[in-house]
């Protein structure tokens, strides 16, 4: 049996990859994907702990996360689409309407 | 019949109703608003006639649970607030009538705000619950903000922001002090209460009183306004539409003085004793400074605004003289300043509607063209100058005598107001109304219309009445004033139960003067 | 009837109210009739009340009518109550009598004016206020009348307000008077605070009971006197009266000669017991009076405006009255007030008649030789001039002599000397006016000459009546040399003039004083005769010899300029500086400054808000790491 540490290491690697992806990529779609990767890293960690603790709680939370992520993907992609229509770009540098 | 709630919320109900009327019906709004204000005035007259001057207890009380924890809907009036309520209900119809033709833009919204303002002002005067007081105090700013900001002159946004921020700043400090009082009372008694008369029973430690008094005093001093917090006033007055100026000068400024009388003095008597010398100096500076500034203003409205600073200085000085004559004089002078300054602003409004300028140099010789107007203008000037036989004299002489009784030096400095007021007002009158007609535009000025005469006539009648029969009004406040002075000056006698909390020395068992002392006073007055 | 005495002031009040409300629609004839009738009612009722007072015998103590409680607040208790005692009777008769004649005169004089109703409304209002002033039974109500006459004076001086000078003069009068009023008010406060009442009876009672320490009495007396200085145009507050001549001439006659300006004298006489307590205050009154008498007379010497000469003469005569008060001869002062009312209003009305004849000309240099054209104005004017100059057997002689004699008798020799000096000047400048106006060469403008005419009857009849009184009015107060009890006036006033009489002189010294007075009067007339009829080049030579003196007098010692520079302009300039540099910059600056500071801080902080998602995420990451670190370590 593979020890839970291995899963956790994978989870961390995925999470860090997500962070790095978020910061070094410039277009919203990739950043969005990076966020999804981070979410899945968290999911992996949840499942790992749930399995080792023998409880279903973590798995339930994962279902929630997946559902929310699906909803988020739908809305997020729609927003990105609208942003593209308005600004003809999905590069984050181009979108700084909130600048004070 | 819940008269007080009726007069407070009738205008508000009207304002709500207005929302559903289509905005094209301009005259409907005017007539309806005027009617509402008149009905309110007539109802408020019953207060005057049914008021029992023999007691200092609040009358026409209404009490209902509201939010809980001591936050109640509790209204009532005594001799101090009665006359100010009447002043308010008297002036609002006049203010509405005066803006009949001047306001052509957004007539609906204008009248909605005026009516909300009336409800707010009346609410402050009738509130006996500190929370309610604060709510009305702040709520009143909103309509005023829009009245100046929408229907005002060129720099209206600057003026209205300054007015609202300044006043609100003071109000917030007061809110903190109210919370402090609230918690102290709870600590001392275990009961939640924000009842003004209940809180007055608290005897706080002098050093605590000092800070709380400063918080209250700042809020009220800004509203009065006392020197050096006066600079919002000329701006607000100059920019406000005529009716706004009238209400601002005649009623809103009185709220500050009323706050001192109703809250600051009876709540913090020790602090008052400590700060009176400083406040008196500020008042005296205000009297002379306001008058000197008025002397050199080039804008008529600004001149009248500075004259308000000077007059309110006298009123506040009389308040701080803390004797019967001074306090009665102060309240009387508040009423009469409301009339005379209100009338002055109405006069300026009449001129402005014709010439669209407020600068003194653009006028000259108007009397010749408008003799009827000239008579009313002169009457307003003379009333403001304090000519005997008119309202101004009674208030002024009582104020000055009260001040004189408290401190002769204050009176000698304060009495300069009667010289300087004559100076700036008559000089202004001379430049605007007398001399040859310098501006050809003036030759086409029509004299007052019937509507405009109707605006001035009630004020003129009341000016004479107040000057010749002041007893009508003075009698109503005798008992309340004596009670107030008892609270401020002779209060050590009744406190019981020393509490071990930090802030409080004790609780008064009975804040009303005992039966013996009351009968004593009646004998004295005979 | 006499119990209704309190109605005296209310006839003119009612008439004034009606005229103000409906005057514009009423016919002129009716307006004049109503106004005169109202004053006539007051006069008639005054006479009736006076007769009943006389009938009530020597010890009669006047009537008091308390109408209602006016201002009652704490210890400030003032009633609206009127009284009618001997002093009031004299004043009421003067005010309503002279007032009535002047009203009649005005109906002719003002006939052409377009604001006819307004004029009579103000005149009636004035009569009401003045009657209120003299009938008030307490100081506060007196102050009401005091301010009321000030208001009417303001309104009537500025009656022709289109003229900037008239509007200016009205305003000046009101403000200068207000300075006096402030002092007066403080005096009232001291009395109220000290004895708890402002009733004259209560004050007198307190004085008699020793309720006033001398220092307090001095303070109060001086403060009240400040009010009198303002109202009666004494040094240093006299500057408004000459300018007040901008008003219509009947106004000058009624307000600025016969009645209002004497209010100060009346007030001091009314408070005589209090003043007698304080020798210091009395001395001040006498000195101010004497200085004013000479000073004002000296300014009258060179004026070319006929009304201004009369105005300075009024100031000077008021100075005499104050001399009388200051030396304790209260009834002599009131006596002079009473005679002065007749001859001075006659002088003004005469001057008005001259103006009327000359289409408004006021300049003495453009008159001359008018006596044949004005057969009624000339003799009446001459009678008044003789009366004011102090020629024996005319009213002014008796009253002025009574004052000077008292001054001498009380050992105030310097004051007496100043009074005599003033008398020479008075006789001189008054006869200068007569000679320049009615005698000598005609120097008329051709246009004025064309319209030259004697005034209508409504104007000349009052002149004749006043001339009659200018002669006979003095015979009620004959000097003591003619017998012990011949001074009916003194005896009549005795119940109200409680103050003890000063020292008496021997008969021979009284005669000496009278002779001295007569001599100086005749001397003054003689010089005027020499200067202006016999050798008209003397004045020119004198002017050439002493140009500085002439200039100084002609420009009224530059007092107006000095006052303007020191008080008026410095106040305005100073206020402007304060407004610009303090109000706008410091106070408002601090306010706007704090608002700006807040704004700047906000702007600084808002630059953190880049609008870039990455920056926010970075901060978020950092925050998360810090939290993580916090929990782990």
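Roughly how large, in nm² to one decimal, is the mean projection of the convex hull of the alpha-carbon atoms in segment C:365-468?
Result: a mean projected hull area of 7.6 nm².
Using only alpha carbon positions, build the gyration tensor of segment C:204-280, then give the equivalent ellipsoid semi-axes as the square roots of 5 times its eigenvalues, largest first, whole angstrom. Each step should come with its number before you reach the end.
On the way: eigenvalues 193, 32, 8 Å².
They are 31, 13, 6 Å, listed from largest to smallest.
Which three semi-axes in whole Å describe the equivalent ellipsoid of the protein assembly as shown, each the square root of 5 times a Cα gyration tensor eigenvalue, listed largest first? Working shown, then result.
Values: eigenvalues 1129, 236, 146 Å².
Semi-axes, largest first: 75, 34, 27 Å.
If you split all Cα-Cα distances of segment B:1-44 into 10 Å bins from zero, what percentages do you get per bin, shortest first?
28, 50, 19, 2
Pairs of alpha-carbon atoms within less than 8 angstrom and 6+ residues apart define the contacts here; what relative contact order does chain C have, in percent? Working shown, then result.
Working: 1028 pairs, mean separation 74.9, N = 633.
It comes to 12 percent, rounded to a whole number.
Where does each of C:131-140, B:145-154 land if you order them by average Cβ count within 10 Å, highest first?
Values: C:131-140: 26.5, B:145-154: 19.6.
Per-residue Cβ counts within 10 Å, averaged per peptide and sorted highest first, yield C:131-140, B:145-154.
Can you give the FRET efficiency for residue C:56 and residue C:581, using 1/(1 + (r/R0)^6), R0 = 60 Å, r = Cβ-Cβ distance, to the nearest 0.05?
Values: r = 68 Å, r/R0 = 1.13.
Plugging the Cβ-Cβ distance into 1/(1 + (r/R0)^6) gives 0.35.
Calculate the FRET efficiency for residue C:454 and residue C:48 from the Cβ-Cβ distance with a Förster distance of 41 Å, rounded to the nearest 0.05.
Working: r = 35 Å, r/R0 = 0.86.
Computed FRET efficiency for residue C:454 and residue C:48: 0.70.
Where does helix C:116-135 land angle-wise versus the long Cα axis of chain C, in degrees 0 to 90, nearest 10?
80 degrees
Please arrange C:157, B:360, B:418 by how many other C-beta atoms lie within 10 Å of their C-beta, fewest to most. Write out the running numbers ahead of the final one.
Details: C:157 30, B:360 18, B:418 25.
In order of increasing Cβ crowding within 10 Å: B:360, B:418, C:157.
Give me the mean projected area, in nm² to one decimal, of the convex hull enclosing the Cα positions of segment B:200-265. Write down the numbers at each step before the final one.
Details: hull surface 19.4 nm².
Its average projected convex-hull area is 4.8 nm².
If I stretch the segment between residue C:4 and residue C:507 completely, what's the gain in nm (0.36 nm per residue apart, minus their alpha carbon distance), one decimal? Display every interim value, and only then the final one.
Working: separation 503, 0.36 × 503 = 181.08 nm, distance 4.45 nm.
Difference between extended and current length: 176.6 nm.
Give me a single rounded figure for B:398-407: the average over its residues of other chain Cβ atoms within 10 Å of their Cβ.
4
Note down, for segment A:4-94, the three equivalent ellipsoid semi-axes (square root of 5 times each alpha carbon gyration tensor eigenvalue), biggest first, whole angstrom.
31, 16, 5
Where the centroid of each part is defined by its Cα atoms, how far is segment B:389-420 from segment B:203-254 in Å?
Result: 21 Å between the Cα centres.
Rule-of-thumb check for segment C:430-477: C-alpha Rg over 2.2 N^0.38 Å? It would help to have the intermediate numbers written out before the result.
Numbers: Rg = 15.2 Å, N = 48, 2.2 N^0.38 = 9.6 Å.
Scaled against compact globular proteins, the figure is 1.59.
Could you work out how far apart the two model spin labels at residue B:17 and residue C:214 are, taking each label as a point 7 Å from the Cα in the direction of the beta carbon, and quote it in nm?
With each label placed 7 Å out from Cα toward Cβ, I get 7.6 nm.
Tell me, Kirkwood radius of segment C:7-114 from alpha-carbon pair distances, in Å? Write out the running numbers ahead of the final one.
Numbers: mean 1/r = 0.0632 Å⁻¹.
Every distinct Cα pair counted, the radius reaches 15.8 Å.
Grab the beta carbon distance between residue B:207 and residue B:169, set R0 = 25 Å, and tell me the FRET efficiency rounded to 0.05. If you can, show how the numbers build up before the last one.
Values: r = 24 Å, r/R0 = 0.96.
Calculated transfer efficiency: 0.55.
At each listed q (0.09, 0.18, 0.22 Å⁻¹), what is the log10 of I(q)/I(0) that the Debye formula gives for segment C:474-600 modelled as equal alpha-carbon point scatterers?
-0.70, -1.03, -1.24
With axes computed from alpha carbons, what is the tilt in degrees of helix C:588-606 against the longest principal axis of chain C, rounded to the nearest 10 within 0 to 90?
Here the helix axis deviates by roughly 10 degrees.
For segment C:281-440, place one equal point scatterer on every Cα, skip the solvent, and apply the Debye formula. What is log10 of I(q)/I(0) at q = 0.09, 0.11, 0.20 Å⁻¹?
Log10 I(q)/I(0), no solvent term: -0.28, -0.41, -1.14.
Mind checking C:188-200 for the average number of partner chain beta-carbons within 10 Å of each residue's beta-carbon?
Values: counts 4, 10, 2, 0, 5, 5, 0, 0, 0, 0, 0, 0, 0.
The mean count of partner-chain Cβ atoms within 10 Å per residue comes to 2.
Against the 2.2 N^0.38 Å scaling, with N counting residues, where does chain C land? I'd like the Cα-based Rg ratio to two decimal places. Display every interim value, and only then the final one.
Numbers: Rg = 30.7 Å, N = 633, 2.2 N^0.38 = 25.5 Å.
Cα-based Rg divided by the globular estimate yields 1.20.
What share of all Cα pairs of segment C:291-349, in percent, falls into each consecutive 10 Å distance bin?
Calculated P(r), rounded to whole percents: 26, 48, 24, 2.
Taking beta carbons within 10 Å but only from partner chains, what does the mean come to for residues B:163-169?
That average works out to 1.
Can you sort C:112, C:147 by how many other beta carbons sit within 10 Å, fewest first?
On the way: C:112 8, C:147 27.
By the 10 Å Cβ count, ascending, the order reads C:112, C:147.
With N set to the residue count of segment B:274-492, report its C-alpha Rg divided by 2.2 N^0.38 Å to two decimal places.
Numbers: Rg = 18.5 Å, N = 219, 2.2 N^0.38 = 17.1 Å.
My calculation over the Cα atoms of segment B:274-492 gives 1.08.
Counting other beta carbons within 10 Å of each residue's own, what order do B:357, C:339, C:460 fall into, fewest first?
On the way: B:357 15, C:339 28, C:460 21.
Ordered by Cβ neighbours within 10 Å, fewest first: B:357, C:460, C:339.
Based on the inverse mean of 1/r over its pairs of different Cα atoms, what is the Kirkwood hydrodynamic radius of segment B:1-96, in Å? Please list the in-between numbers first.
On the way: mean 1/r = 0.0673 Å⁻¹.
Value: 14.8 Å, from the Cα pair sum.
Sorted by mean Cβ packing within 10 Å, highest first, what order do the peptides C:118-128, C:40-50, B:168-178, C:200-210 take?
Numbers: C:118-128: 26.8, C:40-50: 20.5, B:168-178: 18.3, C:200-210: 15.8.
Top to bottom by mean Cβ count within 10 Å: C:118-128, C:40-50, B:168-178, C:200-210.
By how many degrees, 0 to 90 and rounded to 10, does the Cα axis of helix A:4-24 deviate from the longest principal axis of chain A?
Here the helix axis deviates by roughly 10 degrees.
Placing one identical point scatterer on every Cα of chain B and ignoring solvent, what is log10 I(q)/I(0) from the Debye formula at q = 0.07, 0.10, 0.11 Å⁻¹?
-0.36, -0.75, -0.91
With the crude spin-label approximation of a point 7 Å out along Cα→Cβ, what separation in nm comes out for residue B:38 versus residue A:81?
Label at residue B:38, label at residue A:81, 6.4 nm between them.
No value in this document is a laboratory result; all are computed from the given coordinates. Note that the structure is a prediction, hence the values are computed from the model and not measured. Here the Cβ is made from the backbone with ideal geometry for all residues, glycine too, and neighbour counts use every protein chain on show.
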